[in-house]
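Below is one structure; the comments refer to it alone.
Read-outs: derived from the displayed coordinates by stated rules, not from any lab. Just so we're clear, the structure is a prediction, and the values are computed from it rather than from any experiment. For neighbour counting, all protein chains shown are included, and Cβ atoms are generated from backbone atoms with ideal geometry for every residue, glycine included.
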Amino acid sequence: MQPSRTEAAVPAGGLYGTRTPSPRQKQVIELVAQGLKNSEVADAIGTTEHVVKNHLRMIYDKLGMWNRVELALWYEARRHEDENRRRHNGGMA
């Protein structure tokens, strides 16, 4: 018996994995949220602009976003949530 089309199309880890950015992707997100251009992000992390563009494509797909403005807003919201959580938990992350 062959698997159905949907069973064969979905990877074992789920369609989008954990949807949590990798450490390198988090670094790219932070720099983009600071307003850096792709070439500046590339210089900051020691890679090429092409690699940064690939990181951004993967990040957008993973988080369901379309552009760097959405990404920067997402980053700022998470940053403030983390600060509030630490403050609420007595400084513990």
**Report entry** Inter-label distance, nm, simple model (7 Å from Cα along the C-beta direction), Lys62/Thr48
**Finding:** 2.1
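If you average 1/r across every pair of different Cα atoms in the range 39-93 and take the reciprocal, what Kirkwood value do you get, in Å? Intermediate results must be reported in sequence, preceding the final value.
Details: mean 1/r = 0.0773 Å⁻¹.
Every distinct Cα pair counted, the radius reaches 12.9 Å.
Only sites in a loop by DSSP and with at most 12 other Cβ atoms within 10 Å count here; which chymotrypsin sites (Phe, Trp or Tyr not before Pro) in the range 54-93 make the cut? It would help to have the intermediate numbers written out before the result.
Values: sites: Tyr60, Trp66, Trp74, Tyr75; in loops: Trp66.
Loop-located and lightly packed - Trp66.
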